[in-house]
Structure formats: structure tokens, C-alpha cells
1. Compactness ratio of segment 208-264: Cα Rg over 2.2 N^0.38 Å, N = residue count?
2. Using only the Cα atoms, what convex hull volume per residue in Å³ does the chain have?
3. Given a Förster radius of 51 Å and the C-beta distance between GLN368 and GLN192 as r, what FRET efficiency does 1/(1 + (r/R0)^6) yield to the nearest 0.05?
4. Under 13 Å from a point placed 7 Å out from the Cα of GLU259 along the Cα-to-Cβ direction: which residues of segment 316-343 have their backbone N that close?
5. Between GLN192, ALA242, PRO177, whose Cα lies farthest towards the positive end of the dipole of the chain when Lys and Arg beta carbons carry +1 and Asp and Glu beta carbons carry -1, centred on the Cα centre?
6. Could you let me know the centre-to-centre spacing of segment 119-163 and segment 276-335, using Cα atoms, in angstrom?
7. About the Cα centre of the chain, what is the dipole size in debye to 20, counting +1 per Lys and Arg Cβ and -1 per Asp and Glu Cβ, all else neutral?
8. Once amide H atoms are placed 1.01 Å from N in the peptide plane, what residues at a sequence separation of 5 or more from GLY160, or on another chain, have their amide H within under 5 Å of its amide H?
Amino acid sequence: MVERAVAHIDLGAVERNCAHLRSLLNDGSRLCAVVKADAYGHGDAWCAKAALAGGADWLAVATAGEAAELRRHGVDTRILVMGALTHEEAKTAIEAVADVVVWDERFARALAALHTPGTVPVNVHVKLDTGMGRLGTKDVAAARAVAEIAAGDERLKLAGAMTHFATADEEGDEHFPAQLDAFTPFARGLKQEHPDVVLHAANSAATYRDPGAHFDMVRCGVAIYGLDPFQRDPAERGLEPALSLESYVAAVKRFERGESAGYGRRWRAGEPTWVGTVPIGYGDGWRRALTNNCDVLVKGRRHPLIGTVSMDNITVELGPETDIQPGEPAVLIGSQAGETIRAEEVAERIGTINYEVTCGLSPRVRRQWRGQT
Ligand SMILES: *Cc1c(COP(=O)(O)O)cnc(C)c1O
């Protein structure tokens with residue numbers, strides 16, 4: 001059955017990707033599956049459960065609301081909220097019994113004040129900014145001070161210490177090892193004093209790049225969805241893409257030479273040809289920058305997207321002769337009869353990364369999960 005825009009998500013692939021990632025980890029290192037931003041557009045509660053079935057021990061999200069959403073779906077694993085929190089958001093995180101990230105003494109004290117007597121202490125992860133230049137403190141003494149507050153206050157628990165890499169996906173650069181060198185002595189020192197602290201630093205790229213960055217846990221997002229952290233072929237790293245994006249050819253028309261398709265007439269037929277209209281557009285997250293700039297699979301063959309991407313439709317050239325009839329399925333991301341278009345290819349066309357392509361698929365694209373775990 002064809003449908004205007006549907007993202008098929010293979011939960012078995014998410015599960016296998018997690019099992020594969022786990023097999024790469026140093027002994028004793030755990031996998032935290034990052035399911036922020038609705039699991040990079042793949043559906044957070046479904047993917048969380050698939051990741052746990054594949055051997056992930058923890059989950060991570062960016063916002064308190066995302067943690068609460070997972071709890072509403074019955075997820076009872078440890079959840080780390082990685083983002084900055086307002087006091088209101090911190091309350092939501094605490095109610096969701098999620099772990100939170102802290103790098104500032106004032107916030108540590110405010111968090112303790114938000115704790116409800118008689119409930120479990122709030123799990124705190126201290127964040128050292130070793131060169132991402134975003135969240136966390138750059139000052140090791142300040143990070144230690146936060147850790148001591150968390151360790152010394154019965155309303156809080158010092159649960160972890162972390163950092164985040166800026167260039168793990170740029171193989172051979174010097175910033176990554178410098179960040180690792182800055183984190184390691186701080187982390188090891190803290191662990192000596194507080195043996196229960198979970199040390200974590202690596203994202204997907206760092207997990208592949210350097211086992212020395214695995215510590216007690218890795219935080220993998222993009223790789224668990226079978227997207228390549230290095231923007232190449234995920235298969236090279238043993239990953240299976242979980243998401244495919246499908247639509248269908250809704251109309252097929254003959255174009256005479258000089259006739260145009262779409263807003264602004266940004267494509268005109270050079271020769272007589274056939275054009276198919278596929279009812280998906282930037283309102284679905286199929287970006288306007290893909291105008292005259294990607295392929296679509298129909299009957300297992302690549303056809304160029306021609307003309308301007310509009311909000312609800314795109315047009316594809318079918319060629320001077322065609323056997324394609326209205327109703328034929330069209331694949332925008334994924335495989336069809338042996339031909340494949342990956343999210344990495346779409347990203348490259350428009351100068352972005354695979355993350356943004358799948359995260360950008362709008363709620364109007366129905367998600368269909370299969371291989372339920
Ligand atoms: C998003 C995020 C991750 C996951 O990164 P991937 O590159 O998707 O593996 C890990 N840690 C932090 C702090 C993040 O924000």
C-alpha cells in the first residue's frame with residue numbers, strides 16, 4: 001500500500017546496531033543509547049526499547065521533557081538528561097527520576113533544594129568542558145567542587161563525571177586527543193575518591209576512534225540508528241540504517257521541450273520527457289535545498305529530482321520513455337530493488353550531516369515501526 005510520506009523504522013536494526021556497538025567496547029564499559037530529539041527522528045520510546053533489547057544499559061536525552069516522555073511509555077532504565085536545565089525543567093527531570101548534568105555550584109545547591117524529602121537523591125553528573133566550548137566548566141577545581149557538593153549532600157548523589165568531544169569524527173585531528181588528555185586525569189582522580197562514579201566521554205565517533213575514550217560508559221546516538229558518524233557508508237562500520245523514507249508517484253505527465261515544473265520554473269524540459277509528481281516536500285522535512293539536487297528511486301532506478309522542492313510536492317524526471325504509472329512507490333532514503341540512497345548522500349548534497357536529515361523529518365511524516373522488540 002502506498003502512502004504520501006512514511007518513514008519505516010526497522011527496530012531490529014536499532015537492536016543489532018546496539019549489540020554491535022557493545023561488542024566493540026572495552027570490558028566493563030557500558031552502552032548509553034542517546035534517544036534525544038525523538039531518537040534522531042526515529043521515535044524515542046520505540047527506539048529506547050529496541051536499544052535496551054540490544055544491550056544498552058542506559059538512555060540519554062537532551063531535555064527533561066524527553067525524559068518524562070520515556071517514563072510515560074514505561075521505560076524504567078537510568079536516563080541521563082544531558083542538556084542545560086532551568087529550575088522548572090530541573091523539577092521535571094527530578095520527577096522523572098532522571099540523572100542530570102551539573103557544572104556550577106549554585107545549580108548544584110538549587111538542585112538539592114528542589115529535592116523532595118523521602119525520595120531518592122538526585123543523581124548528578126559533573127561536566128568538565130575540555131574543549132567543546134559549550135556546556136560544562138573549563139575549570140577542573142570548579143568541577144571538583146561541584147563533585148564534592150554532590151558527594152556531601154544527602155539530597156544529591158555523585159553519579160558520574162563526563163565530557164564531550166568536538167572533533168571525534170575528524171580522524172587524525174589533534175583536538176580530540178588533547179580533550180581526552182584533559183579529561184583522563186580529572187576523571188581517574190575523581191574515581192579514586194569516589195569509586196562508584198560512572199565516567200563517560202565518548203559519542204559514536206569517539207567510540208569507534210579510540211577505546212581509550214570508552215571509560216565506564218559510551219554515549220552513542222547516531223550509530224545506533226545505523227547512520228555513519230563519519231558520514232561515509234555505515235556498512236563499513238558494521239551498522240545497518242534503520243530508517244527508510246517512502247512516498248509514491250501520484251501523477252505522471254508528458255513534458256514538451258521548454259515546459260517547466262515547479263515554482264520559479266527552475267527546471268525546464270530540454271527534450272520531450274516524462275515527469276512524476278511525488279507528494280512530499282519541505283513541509284515533511286524534505287529540504288528545499290534539494291531543489292534540482294538529489295535522486296529518488298522508482299522501480300529500483302534513480303531518477304533526478306527536478307525543479308523546486310515545494311512544501312507538499314516534488315517532481316522527478318522519469319525520462320523520454322517510461323513504464324511508470326501513478327501509484328508506483330518512490331524511495332527517498334533507503335533501498336529499492338538493489339539500488340540505495342543513504343541519508344549520508346542526501347546530507348552531502350545539501351552540505352549537512354545525516355543527523356540533520358533524519359531529525360528534520362517533520363511530524364507530518366508518519367512513522368511506521370517494524371521488527372518490534
Ligand atoms: C548528542 C550527544 C551524544 C551522542 O552523539 P552521537 O554523535 O550521536 O553519537 C553524546 N553526548 C552528548 C553530550 C550529546 O549531546
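We did not get these values from a lab; they are worked out from the coordinates using the rules stated. Values in this document were obtained by computation on a predicted structure and should not be read as measured data. Using ideal geometry, Cβ is built from the backbone for each residue, glycine included, and neighbour counts are taken over all protein chains shown.
1. Numbers: Rg = 21.0 Å, N = 57, 2.2 N^0.38 = 10.2 Å.
In units of the globular-protein estimate, segment 208-264 measures up at 2.05.
2. Details: hull volume 52.4 nm³, N = 373.
Considering the Cα atoms of the chain, their hull volume per residue is 141 Å³.
3. Working: r = 49 Å, r/R0 = 0.97.
Using R0 = 51 Å, I get an efficiency of 0.55.
4. 318-320
5. Highest projection toward the positive end goes to ALA242.
6. Using only Cα atoms to place each centre, the spacing works out to 49 Å.
7. In debye, rounded to 20, the chain gives about 720.
8. VAL124, HIS125, VAL126, VAL198
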